[in-house]
Structures are given as structure tokens and as C-alpha cells.
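A quick write-up on the structure given underneath.
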Amino acid sequence: MTKATAAQLTAIGGSLWEKGTFRRVYFNGPALAGFYGLAHDGWKWTLDGEKISNNSGSAFMSRLNLGKFWYDLTTDDFHSQGMSDAMTAKIVDRIKEALSKASATEAAATETPATIEMSAGHDVSTADGPGVTGRPVHTNRKPGRCRRCGALVSAGEGHLYYIDPDEAYEVSGWVVEHKDPAICREVLAKAHTLLTERAKAYVND
Ligand SMILES: [Zn+2]
């Protein structure tokens, strides 16, 4: 993976620790539980949304609380102590996922100035090539989910076009997207903030 920075790791719930030549970002038990998908609602434990027994739930939680897990900023890799390899691997995967989501939304947010008028489907690619040039583009008459950001596009505020499933790489059929990509960027930035806040909520739990 590409190097993670202290800022990126603390944004998703880590805490920077420096001493002498050591520079590490530690994740505490509640933060690790969040990445591991372990949750307790006051009644029952769930793992990735699936109910698990109280014994397993408590056992996982105490391992995450007693173990240590950190990212070494000097050697650029993850380490753990007192946790199984499988547990460590799953947490590392989830952290990488959170980091790449965070950087994807950052990239989307800085991509293109909102003043530039974007043509419909300019960032779609199909077997026909990039964009939807040559395809009829309509204005949506019914609300639909935006291809770019997933939010609801009200009638009249979106581009609507058709991509033949045979030519599709990413999306196919009738596709709706916000006419104004600034809306998508805002939605994606908000989603990123929520993700970050959720990770932090686990830490402060
Ligand atoms: Zn959108």
C-alpha cells in the first residue's frame, strides 16, 4: 500500500505516539472493534451485523482491548501484539479500505473546479470509449439515484442516458447523474465526514 500519514490515520480514529525515534499511530480497543465490525447494543453482540454469542462477543472485545495494534510511521507497516493473525489481517484490510475511501473522496473533492460545465457521463467509460458521446442525453423526469454519489436526484436536476449492458464497464441501463457535479462532491465529502466521525465515535465511546 502507499504510505499512510499520521494525519490520515488519526482522522480515522488513531492516536499519534512519539518517543525518541519512534513514531507510531495506535488504535485503541473501541476503534479496533469498529474496524473489526464488532458491536454491542446493550443486549447482544454482533459481528458485521450478524448476531454472535455473548461469550464470543466478550472474548473478541477483551482481545481487542488487551492487545496492541499500531501503524509504524518509520517503517510504514502495521503491527499487532496479542491478537490472532486473522484478526489483525481483517483490521488492516478495513483500515486500508477506510484510508482509500477517504483519499478517493478527497480526490473527488479537488478534481475539477465547479465552474467548468461538465457534459453528461464525462467520467463514464464503456467498451465504446470514454464518456457517453454520441448517446442521447435527456433530463430525468423521475427522481433516481445518482451514479456518482448515490444520492437522490430530483426530477429535472439530472442527466439521463442509456448504456447498453453489452458495452457497459461500470454502469448499465438507464443511468442518472447530477447535472451539477458540485452536488456529488458535496455528498461524497459529507459521507467521508460521517465515516470519520463514526470511527471517532468508537474511540470516544
Ligand atoms: Zn451526484
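Values for this structure:
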| item | result |
| --- | --- |
| Exposed-site-free run, longest, the chain (rule: chymotrypsin sites (Phe, Trp or Tyr not before Pro); DSSP loop; at most 16 other C-beta within 10 Å) | 44-168 |
| About the Cα centre, charge dipole magnitude for the chain (Lys/Arg +1, Asp/Glu -1 at Cβ), debye | 700 debye |
| Whole-Å distance, taken between Cα centres, linking the stretch 151-205 and the stretch 13-54 | 28 Å |
| 10 Å binning of all Cα-Cα separations within the stretch 1-157, expressed as whole percents from 0 upward | 9, 27, 23, 19, 16, 6, 0 |
| Size descriptor, Kirkwood hydrodynamic radius, that averages inverse alpha-carbon separations across the stretch 125-179, Å | 11.2 Å |
| Ranked T74, T105, criterion: other C-beta atoms within 10 Å, fewest first | T74, T105 |
| Potential lengthening between A127 and S53 on full extension [0.36 nm per residue; Cα-Cα distance subtracted] | 21.8 nm |
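None of the figures in this text is laboratory data; all of them are computed from the coordinates on show. Every value quoted in this text rests on a predicted model; they were computed, and no experiment measured them. Because the Cβ atoms are built from the backbone with ideal geometry, glycine has one as well, and the counts that use them run over all protein chains shown.
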